[in-house]
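This report concerns only the one structure given below.
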Amino acid sequence: MADHGKQKSSAAKETMDVLMEMSSILNTGLDMETLATVVRLCESGVNPEAIALVVNELRKESASIKNEGNQTGS
């Protein structure tokens, strides 16, 4: 049984490594933690298009906050 758990864990890590490589090739800008979260959301049945919209909105908000910080610090 323990061997089966190791195989499953190894397969999951290999899958995430392949997904991370694909993510890098596609220049998504996702780090491993964010990609893992996105995958878990998809596996839970969340609409992938909705996830993409949220990620893009969060990026826009983050950039806006950074820009505001740069303008007030000048």
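The values are calculated or read from the model by the stated rules, or taken from the named source; none is laboratory data. Because the structure is a prediction, the values reported are computed rather than measured. A quick note on method: Cβ atoms are made from the backbone with ideal geometry, for glycine too, and the neighbour counts reach across all protein chains shown. Just so you know, the surface numbers come from the protein's heavy atoms only, side chains and all, with ligands and any DNA or RNA stripped out. Shrake-Rupley method; radii C 1.70, N 1.55, O 1.52, S 1.80 Å.
A few remarks follow.
- Viscosity 1.002 mPa s, 20 °C: Kirkwood-radius Stokes-Einstein D of the chain over Cα pairs, µm²/s: 146
- For the chain, the Cβ-based charge dipole about the Cα centre amounts to some 80 debye (Lys, Arg positive; Asp, Glu negative; other atoms uncharged).
- Spin-label pair MET16-THR34: with each label point 7 Å from Cα along the Cα-Cβ axis, the two points sit 1.7 nm from one another.
- Acute angle (nearest 10 degrees) that the helix 2-25 long axis makes with the longest principal axis of the chain, alpha-carbon atoms: 40
- Straight-distance candidates among the aspartates and glutamates for linking to LYS60, with alpha-carbon spacing under 16 Å and chain neighbours fewer than 8 residues away dropped: GLU68.
- For the chain, the solvent-accessible area of protein heavy atoms averages 83 Å² per residue (probe radius 1.4 Å; ligands and nucleic acids excluded).
- For the pair GLU43 and ARG59 in one chain, pulling the backbone fully straight at 0.36 nm per residue adds 3.5 nm over the alpha carbon distance.
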